[in-house]
Amino acid sequence: MPEGLILILLFVLGGCVGSFLNVCIVRIPEKLSIVAPPSHCPKCKKPIAFYDNIPLVSYIILGGRCRHCKLPIPFRYFVVELLTAAVLPGLYVWSGLTLPLALSFIFCAALIVITFIDLQLQIIPDIISLPGIPLCFLCSFFVPWTTPLESAIGILVGGGVLYGVAAGYYFLRKKEGMGGGDIKLLAMIGAFLGWKGALVALVVGAFAGSIIGVMAMLLKGKDMKYAIPFGPFLSLGALCSLLYGAELLHWYLALGRG
Ligand SMILES: [Zn+2]
């Protein structure tokens, strides 16, 4: 099969998965089933026909509104579909058609759901991160970038480092700076990437988070510090670590040696 065709097919498949992730993002925090009932408009309750449920295309054709009552569909739906559609061929270029491709795509899909739930509600649902920890540990038997031992250490380091930061912050400020959700998320990331990968994810996430945090404080005032969730940055860090972890670590160690 020509390479271009594979990329297009993976993009389409990714878009379909993204459409499902949108359902997860809405229903998981409300503890609703993610398979039934079929999608419907929250206002007019009309079910969404299959031809209005085509990833990316339908959003554009409908102009971002319900076909029947014209209720605006959040732009998030389009962003999640586009992001998921782009991630799958991106990972394919990186790993080829392999088992690690499937596993890392599922991992990224979980991060996308976590990111958008955290952005909206400032929570990271346990129902993803907690089962994610043993499942990611299982993956470590089948992927080239880590070993089961490094994965197990990753769970402890990932969970432990943030727990220490959170406890220290609480001790100094008597205020919760970091949620337990972030701790469980980094433990899951550590299970999937190994402890080195988890540290790279944390450093990249904290770096990106501080830049955005400082910008938000400059633009909107000091209170923004508590309004920015950390989960999206940890997820971004995990993706960078997955794709470029070895290079980032190399570069950092080389800096240390001068
Ligand atoms: Zn409607």
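Just one residue in the set Gly190, Gly209 is modelled with pLDDT under 95, outside any loop (DSSP other than H, G, I, E, B) and not charged (D, E, K, R); that residue is Gly209. Filter the range 32-61 down to residues that are open to solvent by less than 40 Å² (accessible area, probe 1.4 Å) and not in a helix (DSSP H, G or I) and give me whichever is nearest to the ligand (Cβ to nearest atom). Filtering the range 32-61 for residues that are open to solvent by less than 40 Å² (accessible area, probe 1.4 Å) and not in a helix (DSSP H, G or I), the one nearest to the ligand (Cβ to nearest atom) comes out as Cys41.
In this structure, does Ile153 turn out to be under 18 Å from Arg27 (Cβ atoms) and part of a helix (DSSP H, G or I)? Spelling it out, it is not the case that Ile153 is under 18 Å from Arg27 (Cβ atoms) and part of a helix (DSSP H, G or I). Only residues that are in contact with a helix residue (DSSP H, G or I) (Cβ under 9 Å, 6 or more places away or on another chain) and open to solvent by 70 Å² or more (accessible area, probe 1.4 Å) were counted across the range 62-78, and they come to 2. Among all positions in the range 36-57, there is at least one residue which is more than 22 Å from Leu121 (Cβ to Cβ) and of a type in the set (Asp, Glu). Screening Arg27 with (1) away from the ligand (no atom under 16 Å from the Cβ); (2) buried (at least 16 other Cβ atoms within 10 Å of the Cβ); (3) under 17 Å from Ile73 (Cα atoms) gives one miss only, at (2).
The values are calculated or read from the model by the stated rules, or taken from the named source; none is laboratory data. All values reported here derive from a predicted model rather than from experimental measurement. Note that each Cβ is placed from the backbone with ideal geometry, even for glycine, and that neighbours are counted across all protein chains shown. Heads up: the accessible areas ignore ligands, DNA and RNA and are worked out on the full protein's heavy atoms, side chains in. Shrake-Rupley method; radii C 1.70, N 1.55, O 1.52, S 1.80 Å.
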